[in-house]
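Can you keep this structure in mind? I'll have questions shortly.
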Amino acid sequence: DVMEEQARRAHVQSNARRKREGKKPIPFVPPFSIGQQEMGREYARLVERCEAAGVKCSSLETVGGGGGDADAREAAIIHDLQRLRLLRRRIGDGLAREVRRHRPSATGTKRTAIRVMCLVDAVCLGDLTLDGVFAKYGWGKADAQMRAELRSALCGALDRMRGFDLARPQDAA
């Protein structure tokens, strides 16, 4: 949502510049499809439910007590955990951005590789923008091409989570 708002503002500025230059304005295309946005929200809700259940990777045989139907609660927790594991397998553990050069950056911070799983978690759970992800991993200010590559990796992960593009290896960037 934040990134769409930023893209919309940048688009308005771009169209104003195009209009001043005598060119026709171009229509706005959101950075993420509605399905990708919904998948990101679903993933965030699912992670929150699993963490709130208090089991994470604990044995479900030890979960008990409380009022209501314990079997239904355990079944719901198991279902959520299975769904979360499935989504994380679909995300994969590939690299969204790798460090290619071994020279110090201009900011003096060390760049680290950005894994697709970390990218999805940072955006969907941490509410970071792509520029925020670059900053978190020491990449500093990103240009348009770098942002486009990272957005493409994020879109690919969200599509795989939805069940699209599963034939492509998930551990490949």
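The values are calculated or read from the model by the stated rules, or taken from the named source; none is laboratory data. The model shown is predicted, which means the values in this text are computed figures rather than measured ones. Here Cβ is always computed from backbone atoms with ideal geometry, including for glycine, and neighbour counts include all displayed protein chains.
Do you know which of the residues in segment 132-157 that are of a type in the set (Gly, Ala, Ser) and surrounded by 17 or more Cβ atoms within 10 Å (Cβ to Cβ) is farthest from SER33 (Cα to Cα)?
ALA142
Kindly check whether there is at least one residue in segment 99-117 that is at pLDDT 85 or above, in a helix (DSSP H, G or I) and either in contact with a Ser or Thr (Cβ under 9 Å, 6 or more places away or on another chain) or within 21 Å of PHE164 (Cα to Cα) (or both).
yes
Still on this structure: Determine which single condition GLN36 fails, assuming it passes every other condition in (1) in contact (Cβ under 8 Å) with a residue 60 or more places away in the chain; (2) in contact with a Pro (Cβ under 7 Å, 6 or more places away or on another chain).
Failing condition for GLN36: (2).
Something else: Could you list, ordered by first residue, the pairs with Cβ atoms under 6 Å in which the first is in segment 83-97 and touching a residue at least 60 places away in the same chain (Cβ under 8 Å) and the second is buried (at least 16 other Cβ atoms within 10 Å of the Cβ) and of a type in the set (S, T, N, Q), at least 6 apart or interchain?
GLY92/GLN170
Give segment 128-142 a look and list any residue that's closer than 15 Å to ALA113 by Cβ, out of contact with any Ser or Thr (no Cβ under 8 Å at 6 or more places or on another chain) and assigned to a loop (DSSP other than H, G, I, E, B), or say none.
Answer for segment 128-142, where residues must be closer than 15 Å to ALA113 by Cβ, out of contact with any Ser or Thr (no Cβ under 8 Å at 6 or more places or on another chain) and assigned to a loop (DSSP other than H, G, I, E, B): just ALA142.
Taking segment 115-156, which residues are among the small types (Gly, Ala, Ser) and on the phi > 0 side of the Ramachandran plot?
GLY138, GLY140
Scan segment 33-44 and tell me whether some residue there is closer than 30 Å to ARG73 by Cβ and not in a helix (DSSP H, G or I).
Within segment 33-44 (the criterion being closer than 30 Å to ARG73 by Cβ and not in a helix (DSSP H, G or I)), the answer is no, since none of the residues qualifies.
May I pose another question? Just to check your reading of the model, which residue among ARG49, ARG73 is at pLDDT below 85, among the basic types (Lys, Arg) and surrounded by 10 or more Cβ atoms within 10 Å (Cβ to Cβ)?
After applying the criteria, what remains is ARG73.
Could you list, ordered by first residue, the pairs with Cβ atoms under 8 Å in which the first is in segment 125-149 and in contact (Cβ under 8 Å) with a residue 40 or more places away in the chain and the second is among the polar types (S, T, N, Q) and surrounded by fewer than 17 Cβ atoms within 10 Å (Cβ to Cβ), at least 6 apart or interchain?
Listed pairs, sorted by first residue: THR129/GLN6; TYR137/THR112; TRP139/SER105.
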